[in-house]
Structures are given as C-alpha cells and as structure tokens.
Amino acid sequence: MSDVPDHRGDLPALPTEEMLVNLGPSHPASHGTLRVLLKLDGERIVRAVPEIGYLHRGFEKSAEKGSWTEVIPYTDRLNYNSALLNNVGYCKAVEALLGVEVPPRNQAIRVIVSEMSRIMDHLIAIGTNLVDIGALTNFWYFFNLRERFYRLVEKLCGARLTTSYVRIGSLQHDLYPGFEDDLRALLPEIPRAVADVRGLVERNRIFHERTEGVGAIPAGEAIAYGFTGPCLRACGVPYDVRKSHPYYGYDQLDWDVPVGEAGDARDRILVRFEEILQSARILGQALAKLPAGPIAVADWKVVLPPKERVYGSIEALMGHFKIVMEGIRVPAGEIYDSTEAANGELGFYLVSDGSGRPYRVRVRPPCFPIYSAFPRLVEGQLVADAVAALGGLNVVAGELDR
Amino acid sequence: MSLAVLLAAKAVVLVLLLLNLVPLLVWVERKASALIQDRVGPNRAGILGLRFAGMFHNLADVGKMLTKEDIVPAGVDRLPFVLAPALGLTVALAAAAVIPVADVWSSGGRSVPLQVADLDVGILWVFAVSSLGVYSIVLAGWASRSRFPLLGALRSAAQLVSYEVPLALAAISVALCFGTLRPNEIVEAQGDLVFGALPQWGILLQPVAFVIFVTGALAETNRLPFDLPEGESEIVGYHVEYSSMKFGMFMMAEYIHVAVASALAATLFLGGWQVPWLPTEALRTHAGPVLAGLGAIGALGGAAALAGALRLPRGVTAPRSRDALAIGGLGLAGVVAGLAAAATGLGADLGPGARATVAAAAQALAFGAKTLLLCFGFVWVRWTLPRFRYDQLMRLGWRQLTPLALANLVLTAGALAALGELSR
C-alpha cells in the first residue's frame, strides 16, 4: 500500500467515491414518470439533474389539429388529478379570446366543480406526500373522501378521471337534480377527514422532523423561479389568482388565502390542509348562492343550439352545422388567461388565426417552473429529503411533459 | 439417545410453529391494516368456496412465490446472493431456540424443559444470533451489485449495529434485576408478587427498559418507523434484485424476527409463560379447575365463531354459505370440545402427568397470548407512524436511547447495590 499517502500518524484516508443513482423514471416515489439523476456522496445529494419528457404526448401540437372544442379532452390529461380545473381554465381562456361571458349559473357551477377538483387534488397531494415519508394510513383516510367526490363527479358527468365537463360558453349539461343535496351531504365529511389526518401528523415528531426545512426555499427565490399556488403560499406570499385577478365571482365569496412561513415541505402540506378547508367554505357559499337560469351563452356561433330548435328552425340548424363542421370561429388574436389550479397558476396562451382551429395552444403548467427549482431544493440534502420534497411539490408528469 | 430425539422433536416443532406463524402474522398485518385504514382487506382468495376472511390469501401468495421465475441477475456475486436469504431465515429461527414456552414439564422423576435449549446464557444467545441477521441484509445488498440495494445494506448495517446497543443494555437491566441470564429463571422470578398484589413483571420493575427494548426491537426488525433498509418509497429496499422464494424468505425472516422479538419482550417484560397470580405449583394442584377454565375459554371462542357464522349469508347459493358452514362447524366443534374439557376438569381426577400437561398448556397459552399481543403492537405502530430519516435514526439511537439505557442500567445497578441484592 505504498501509494496511500502517509498522514504522519493519522490513519490513511479511505478512498471514497461519489455514486450516480437514477431516481426514476420508474420509482415508487416519483409520481408519474419523473427521472432525477442523483450524484450521491453517501446518502447526501451532491447534484440532482431532473430529466423530463417521459410522459410527453405532444399536447400542444395535438391541440392544433382539431377544433377549439376538441382540445377539451386533452386538457383532462394535463393534471389528471384535477381534470375539472383544467377544463375550466381552458374554456375560460377561449371565452376570453371570444369576448363572451358565461351566465351566472354557469359561473357558479364552474366555481363548485373547480373547488371540488381542488379538494380532490390536495387530498391526493397530501396523501402521497405522506406515503413518501412512510405514513401509509393517511392516504387511505383521504382516499375514502376522495372516492366519495369521485362518485359525485361520475354522477355529474359520467366520468371519474377524464371529465371533459366544461364546454366553451357552456357546460356538458346542467347539474343533475339532487346534486346540491349530494354535495351538501358531503361537506361535513371534508373537515372530518382533514381532522383525521391532521390528528395523525400534526403533533407527530417524526413528521415534523422529516418535513421541517426539507426542500425549503425563500419567498424571493420562489418568485424568481416562477412558483405559484400552494408551493408559493407556503413561502408566505399570499398570491392566489382567485384573489389577485378574481373571476367567476370569487371576490364575492368569503374565504382566506392560507400562507406558510418557511416554504418547506411541512408548510406545503399544512397550507394544503388549510386550502381544503377553505375550498369547503367556498363550496358551502357557492351552493347557497347558486343562481337559477341558463348555463349557456345565448350565441349559436359559440354553443350548439338546443336540439329541438335545430330540427325546427333554419337559423339553429345552420348554427349547429357551422359549429360541427367548422368549429367555433374564434376571432384572430392572441390572449393569455389564467386560473388558479390546484398546483398554482394554470395559464393558457392562445393564438387564433380566425379559422375554426387553434393556431397555437401554449400551456403554462404550474408545476413546470416549480419542478425547475427541484435541484436547488434538494442539493445538499439526503435522498430521503428529495423524496419528501418531491411529493410536496406535487409534480404531475401529465402537465409537466404535456 | 432419547434426549437427542426429544431435542430434535422440539426443534422441529419450534421451527414449524414459527414458520406457520408467518402466514398468521401476514394475515394479521393485512386485516389489521385494513381495519386501521377503513378498508375491508383481503377477502377474495379461497379454496372450494372457503375464504376464512382472507386467511387463504397467504396460500395463494406462497403458490405465487414458489412458482415465479427465480431470477439471478447477471453480474451478481452468486454465492452470497443465494446464501443471504437463507442466512436471514436461519438466524431468525435459531434465535427462538432458548425462549421457554412453558415451565419445565415434570412428572414422576422425568422432566422436560419446554424450550429447545435451556442455556444459562440464553439472553446472550438471542443477541448473539439475531445480530448475525445483519449479515443477511448486508450480503444481499452487496452481492446484488446494484445501487439501491447497496444503499439499503449500508443503512441496515449502521442501524442494526446502533440499535443493538440500547436493546442489549435494556435486557441487561432486566437480567440484573432478576440476577440471571437464563430465560426460564427470569420468567420464574417474574411470578413473585410485589406489594403482595401485583406480579413482579419486568415491565413493572423496568418500565424505561421496556420502552427502550420495544423501540430497539422495532429497529432491529426493520419495521416502520425504522424500515430504512427497505424504505420502499426511497430506495426500494435491499432486496430489489430478488424474486420468487428468495424474496419470500426475506419476507418470512422479517415476520419471524417480529415474532421472536415479541416473544423475547414477553419473556423479559411481560412475565413470559406466567399466568398472572397462578404459579406453576398452583396450576398443577388446581389442574381440574384450570382445565375447566381453559375449556370455558375454548367454548366461548367457539360460540363467538358460531355467532359470527350465523351472521354470514346462508343458503345453498349464497356467496359465502360455505364459509358460514365451515366457520360455524368449527365453532360448534370448539364449543363441544371446550365443554367436554370443562366437564373433564371438574369431574375426573387427573394424574400427575396430566396435571403437569394442563399447567404447561395454560402457560403456553398465556405466553402465546402475550406474544401475539406484542406482535399486534408491531403491526399497529407500522400503520400509524411515518419513517425516520437516516440521520434522525442515528441521533435517536446514539444520543437518546443509548444514554437513556445506560442511565437506566446504572440506576438499576445502584439501586440493587443499595438494597444489597448484587452480592447474591
């Protein structure tokens, strides 16, 4: 062993080597097909290089192939945990480009389905995050509630995951009779499930030690990266599209924007807990205020005329024919419009050339900028922290890769 | 000669008992986790329409494990790779050899200790052998020539070595209290009463040691919140590269470790085979009423099974009618057998051999009940707590549990010295 340097009485240093490890693209902790190449010094992460694109399905290009309406089913597959929010976001953007505003009942229904969807998304985000740090039971407590929401969604639009419920200027159909009662019966279950899971984690020291300071980011840097949604609010920035740029009457409802302090994995979970409760508050108020009236805009260039009119009048028949054969004619122009999705600001930048087909549909998925900060969040921390942080960001490969 | 035969027979019985405990524990794990998580749990797999509340699912699992392709990945270190799972299972089984199931059976000048080996350093044997279990995991991780298993193996090496220390210190405190390392003597000593009322169980004398021991046992068995070597959502585990029954053996070893750790904890802290307030002599003199009591417990259990079966759907075409029939039949048989035993116990005059057997049966039942209770505790903890992180695990082990166990040991020794017990 002559090549080992003599340390004058010290023990010779053991040779150590950094190790490359692939976290993903198929790994129990990567929700969806995320791949992170980790350079490890022992268990400490020296470098983390995320590689995205494993779930790239060409959403934006596919959107240019059909009519504006035909994009809606694609939006289900962006963040598949909250398809309804994506439906709402896309249709709202197209309506803004069209310059139409949907009737009050439609707006109220969109608020209701959005908040239901947000609750479902947060339930799974918290649940899987806790599974990542080894607490499996919470996941099932939340899944019981989530399942009841899914049954409601299925009853509402016939599908559980790929809802496609919202239409440009309208909805697939109005609420079914009795929906209000079904939802009202579900409302008390929300705080109960949250209390169940909070009871298991909130005073649990292991939970606090596993999440405190894990993947933390200060507010300024988070803004610089383009964080939005619960991850930004966990840093203490009360930015919420529903408050900052109110739409659909969110400003007339009484609710709060919960914020954290440290911007770490724990605050992200706690902020989501609180947002579930706030969404429940919104649901209660929206149900109480739900106006009567039509759900569709009264413009047969945007929505299909009622079937009985199609068979009875030439104008309705022509409107029907034009929309089915040519698609909705969105005037030439461009627009960026955003809504608050479960993960943050979901933006659509749309360009129309005046034909019935989108010229460009660009999505700003909330988790893309958030995920870009992932190396910054985990470098210097342990492998277990990377997993705990990844779950808290709630990166959904569907909207990340598109 | 007959001694060797007896020894072999006891070893075989113990191994069979432990191996059969594995499916039971797996079933408890599944059903208890389902109970905790508002689910139903396994209830599909069945034989001839018999399902027994998912009990048969384990048979399906065994069939699956045995018939799956046994893959040895290219590039692994073959010998250690194949050896590791077998080593884990062997070590887990061997550790149980010194744990007494009941007091020494004796009648007419013959006496049979109801444990495989009655070592005077039995507690040391358990620690010596079970700490070899780390080799199984380290070898598995190293021989796999894969990175995630390597991480798991390294975590495991550090974890098992670290938690061995407080675990052993806690056991030493108990051994000090009772002045022996022989498991059977430790259990015997726990039959005495303190303040003339409470049985002198280890948990009463050494409550701190009990907490440390159970925590350490959770870590030694690699179960949540200490399942870092497996860490399924982080590093997937030291056995990623294993398939088929080799993987199954790791699973079995884990459950046997749980059973052995529970049995050891019951031996050290919960009075082992002691039936509270009934020492062996009393059990033997009152063998008749004891048998009657056991019969009554059996009859009650049978009645409960019967009542449960009556609630199941009945009728030839009902989906679970065979379940109802089988469980009801077993329950009825239990009632009849229990009542018969009770009648025998109250009526017949028992010989000395029968008396010793009844006493041993009662003690074995008490021991089994305590062990299973602790096993359930293991399951309960697993489905309640999140997992530690590596550095937190080390901190808890070295900075908190080890000093606490040391302080407890010093206090115990000091107290015993002050009472003049150590000169014994």
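Note on the range B:373-390: residues that are farther than 9 Å from B:E29 by Cβ, more than 7 Å from every other protein chain (Cβ to nearest Cβ) and either aliphatic (A, V, I, L, M) or without any contact (Cβ under 8 Å) to a residue 40 or more places away in the chain (or both) amount to 3.
Within the range A:284-299, work out how many residues are open to solvent by 20 Å² or more (accessible area, probe 1.4 Å) and in contact (Cβ under 8 Å) with a residue 60 or more places away in the chain.
Result for the range A:284-299: 10.
Taken over the range B:1-48, the criterion of being in a helix (DSSP H, G or I) and over 30 Å from B:W105 (Cβ atoms) is satisfied by B:V26, B:W27, B:E29, B:R30, B:K31, B:A32, B:S33, B:A34, B:L35, B:I36. Scanning the range A:205-225 for residues that are open to solvent by less than 20 Å² (accessible area, probe 1.4 Å) and either of a type outside the set (V, I, T) or more than 14 Å from chain B (Cβ to nearest Cβ) (or both) yields a count of 5.
Number of residues in the range B:32-79 that are within 14 Å of chain A (Cβ to nearest Cβ), on the phi < 0 side of the Ramachandran plot and of a type outside the set (A, V, I, L, M, F, W, C): the value is 3. Answer with yes or no whether A:E180 is within 11 Å of chain B (Cβ to nearest Cβ) and either free of Cβ contacts under 8 Å to residues at least 12 places away in the same chain or open to solvent by 10 Å² or more (accessible area, probe 1.4 Å) (or both). So A:E180 does not fit the description; no. The set of residues from the range B:54-68 being surrounded by fewer than 17 Cβ atoms within 10 Å (Cβ to Cβ) and over 16 Å from B:M249 (Cβ atoms) comprises B:L59, B:A60. Looking across the range A:34-44 at every residue that is among the charged types (D, E, K, R) and within 14 Å of chain B (Cβ to nearest Cβ), the one that is most open to solvent (accessible area, probe 1.4 Å) is identified as A:R44.
Applying the condition of being part of a helix (DSSP H, G or I) and within 14 Å of chain A (Cβ to nearest Cβ) to the range B:143-153 and asking which residue is surrounded by the most Cβ atoms within 10 Å (Cβ to Cβ) yields B:G152. Scanning the range A:378-386 turns up at least one residue that is surrounded by fewer than 18 Cβ atoms within 10 Å (Cβ to Cβ), within 30 Å of A:P50 (Cα to Cα) and within 14 Å of chain B (Cβ to nearest Cβ). The numbered conditions (1) more than 24 Å from A:V21 (Cα to Cα); (2) within 11 Å of another protein chain (Cβ to nearest Cβ); (3) surrounded by 24 or more Cβ atoms within 10 Å (Cβ to Cβ) are all true for B:A209 except (2).
With open to solvent by 10 Å² or more (accessible area, probe 1.4 Å) and on the phi > 0 side of the Ramachandran plot as the only criterion, which of A:G344, A:G333, A:G327, A:G312 stands out? Going through A:G344, A:G333, A:G327, A:G312 in turn, just one is open to solvent by 10 Å² or more (accessible area, probe 1.4 Å) and on the phi > 0 side of the Ramachandran plot: A:G333. Pairs linking a residue in the range B:251-270 that is over 20 Å from B:S156 (Cβ atoms) and assigned by TED's automatic domain parsing to the domain that holds B:N58 to a residue that is among the basic types (K, R) and in a helix (DSSP H, G or I), with Cβ atoms under 6 Å and 6 or more positions apart or on different chains, are B:A266/B:K370; B:L270/B:K370. Restricting the range A:45-69 to residues that are out of contact with any Gly (no Cβ under 8 Å at 6 or more places or on another chain) and closer than 20 Å to A:E334 by Cβ, which is most open to solvent (accessible area, probe 1.4 Å)? Out of the qualifying residues, it is A:K65.
Summed over the range B:272-284, residues that are in contact (Cβ under 8 Å) with a residue 12 or more places away in the chain and exposed (fewer than 15 other Cβ atoms within 10 Å of the Cβ) total 2.
For the range A:259-270, a residue qualifies if it is within 25 Å of A:G284 (Cβ to Cβ) and at pLDDT below 90, and the qualifying residues are A:V259, A:G260.
So which residues in the range A:154-210 are among the acidic types (D, E) and assigned to a helix (DSSP H, G or I), if there are any at all? Correct list: A:E154, A:E180, A:D181, A:D182, A:E189, A:D196, A:E209. Residues of the range B:219-248 that are at negative phi and within 12 Å of another protein chain (Cβ to nearest Cβ): B:R223, B:L224, B:P225, B:F226, B:D227, B:L228, B:E230, B:E232, B:S233, B:E234, B:I235, B:V240.
Screening the range A:45-141 for helices (runs of 4 or more DSSP H) wholly inside it with 1 or more residues that are within 14 Å of chain B (Cβ to nearest Cβ) and not aromatic (F, W, Y) returns the ranges A:104-132.
Consider the range A:263-283. How many of its residues are open to solvent by 30 Å² or more (accessible area, probe 1.4 Å) and either out of contact with any helix residue (DSSP H, G or I) (no Cβ under 7 Å at 6 or more places or on another chain) or among the aliphatic types (A, V, I, L, M) (or both)?
4
B:T412 meets all of the listed conditions (1) modelled with pLDDT under 85; (2) of a type in the set (S, T, Y); (3) assigned to a helix (DSSP H, G or I) but one, namely (1).
Going by the structure shown, is B:V358 of a type outside the set (D, E, K, R), part of a helix (DSSP H, G or I) and within 14 Å of chain A (Cβ to nearest Cβ)?
Criteria not met by B:V358.
Quick check on B:V116: is it on the phi < 0 side of the Ramachandran plot, in contact (Cβ under 8 Å) with a residue 12 or more places away in the chain, hydrophobic (A, V, I, L, M, F, W, C) and part of a helix (DSSP H, G or I)? Criteria not met by B:V116. For the range B:154-176, the criterion of a residue being in a loop (DSSP other than H, G, I, E, B), over 30 Å from B:H239 (Cα atoms), touching a residue at least 60 places away in the same chain (Cβ under 8 Å) and of a type outside the set (D, E, K, R) is satisfied by no position.
The values are calculated or read from the model by the stated rules, or taken from the named source; none is laboratory data. Every value quoted in this text rests on a predicted model; they were computed, and no experiment measured them. Cβ atoms come from the backbone with ideal geometry, glycine included; neighbour counts cover every protein chain shown. With ligands, DNA and RNA removed, areas are computed over all heavy atoms of the protein, side chains included. Shrake-Rupley method; radii C 1.70, N 1.55, O 1.52, S 1.80 Å.
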